[in-house]
1. I need the Kirkwood Rh of the stretch 22-136: take the reciprocal of the average 1/r across all distinct C-alpha pairs and report it in angstrom.
2. Taking a ≥ b ≥ c as the square roots of the eigenvalues of the Cα gyration tensor of the stretch 30-80, is the shape rounded (a/c under 1.5), prolate (a/b larger than b/c) or oblate?
3. Calculate one ³J(HN,Hα) per residue across the stretch 27-44 by plugging θ = phi - 60° into the Karplus curve 6.51 cos²θ - 1.76 cosθ + 1.60, and present them in order as whole Hz with x for glycine and proline.
4. Looking at Met75, Ala85, Val24, which one has the Cα that reaches farthest to the positive end of the dipole of the stretch 22-136 (charges on Cβ: Lys, Arg +1; Asp, Glu -1)?
Amino acid sequence: MSSRSEGSIGLPPGGAEGPTVLVVEDEEALRTGIRRLLQDEGYQVIEAENGAAALQLLERTGAETVALVLTDLRMPIMDGRQLAAALVRRRPSLPIVFMSGFTAQLMDLRLVSPHLAFLAKPFRNEDLLAAVRGQLGR
């Protein structure tokens, strides 16, 4: 993730308290940076270090409160593809943005859900925000 650009890119739809984004990333520094960026742009953020932890978190907080899931593809315990499959069974239209430095993993992702996007690592802040806004605005 690159440094924040000059000037605000704008608040997300929903005003000062924007939609809730679940960030699932096993690399703590990257997860923290993404959380800060999204919060600075007005999004509400909850986070988990892997797919299994994300599912447990959603059971406690209620999956219906999440507007979008931003998840790494390669993680220990439960990867992003397994997480997405479990989430889509519960909410078929839930928007998902996959992140990965491994573009070979793109194959067959559309089989998981048609409501997804892919963001190649490393990415710029603007690209992350565009992917999130694009999925929320569809």
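All of the numbers you see were taken from the coordinates with simple rules; none came from a lab. Please read these numbers as outputs of a predicted model, since none were measured by experiment. Neighbour counts are summed over all protein chains in view; Cβ atoms, including those assigned to glycine, are modelled from backbone coordinates with ideal geometry.
1. By the Kirkwood definition, the hydrodynamic radius is 13.9 Å.
2. oblate
3. 8, 4, 4, 5, 4, 5, x, 5, 4, 4, 4, 5, 5, 4, 8, x, 7, 8
4. Value computed over the given set: Ala85.
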